[in-house]
Every structure is written in C-alpha cells, then in structure tokens.
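Undergrad: Quick one: structure below, then a few questions.
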Amino acid sequence: MDEKKLNENEREREKLVPVSIIDVLLDPDNRDPAVLMGEDGMELKFEQVAVIPHDKAGEKRLYCILHPLTPIEGINDDEAIVFRCDFTAEGQEFLRVEDDAEIATAVFSKYLGMLDKANEQ
C-alpha cells in the first residue's frame, strides 16, 4: 500500500474515534465550534464562551457557557446558555442544559467576575 493510501486510511479512522467533549472544551488551542445534537436530532453549533468549575454543597461540577451559532427558537442572538458537563451510567460524557436557575446564575456570575478581573489587568 502506498503512503498516500495509508494517510487516507488514518484520517478515516480518526473520524471514527469518539471525541471527548470535555477534552474539546478544555483545549486552549481549539477554536472550532462545539457541535451538539439537539432533541430533534439536528446538529447545533455553538461558540465556546467559558468553562467554569462550580461547587455547590460540596459537589464539584464543570460547566460551560456556550453561545449558539445555529439559531434556536427562544434564544436571542446575544444570549448564551449554561451547560453542565455530565456522564451517563456507562461513563460517556455529555452536556446538558443546566435547568437549575440558581446554579446557572451562579456560573454566569462567576464568568462575569472573571471578565471584570481580566479587564482590570
């Protein structure tokens, strides 16, 4: 088999390897949109705004704030959504919209505090 064919086969195998959404979010060099599957099965693209660790009642979790690039009904162009990084029983990573308003507000407040601190420097 020639070198070109080997490289093509390697690229095809890479496409089949599942990518960890948490690894994507924590990669400082990643500038690609995050692609998530909507409830209707459609792909939704998001721009990563921030990754925020948050601790509530001793439970540490990782959250991310994503800005939708794909129009979503009920979400304005200037809004972002707080997602919680979670795991299935089998250990598969996924993101879910944080539906606890208190937590979502706290996470977003942390983000705003980080912006203020960065602007002071």
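The values are calculated or read from the model by the stated rules, or taken from the named source; none is laboratory data. Note that the structure is a prediction, hence the values are computed from the model and not measured. Cβ coordinates were reconstructed from backbone atoms using ideal geometry, including for glycine residues, and neighbour counts include every protein chain displayed. To get the accessible areas, we keep the full protein, side chains included, count just its heavy atoms, and leave off ligands, DNA and RNA. Shrake-Rupley method; radii C 1.70, N 1.55, O 1.52, S 1.80 Å.
Undergrad: Take the residues of the range 40-64 that are of a type in the set (D, E) and more than 17 Å from C85 (Cα to Cα): which is nearest to the chain's Cα centre (by Cα)?
TA: In this case the residue turns out to be E43.
Undergrad: Shifting gears a bit: What pairs come out if I take residues in the range 104-121 that are within 16 Å of A80 (Cα to Cα) and basic (K, R) and pair them with residues that are modelled with pLDDT under 95 and open to solvent by 60 Å² or more (accessible area, probe 1.4 Å) whose C-beta lies under 7 Å away, six or more apart or interchain?
TA: Once the first residue is within 16 Å of A80 (Cα to Cα) and basic (K, R) and sits in the range 104-121, no partner that is modelled with pLDDT under 95 and open to solvent by 60 Å² or more (accessible area, probe 1.4 Å) comes close enough.
Undergrad: List the strands (runs of 3 or more DSSP E) inside the range 22-121, counting only whole elements, that have at least 3 residues being surrounded by 15 or more Cβ atoms within 10 Å (Cβ to Cβ).
TA: On the way: elements: 34-37, 43-56, 59-68, 81-87, 93-97.
Because the criterion is at least 3 residues that are surrounded by 15 or more Cβ atoms within 10 Å (Cβ to Cβ), the strands (runs of 3 or more DSSP E) in the range 22-121 that meet it are 43-56, 59-68, 81-87.
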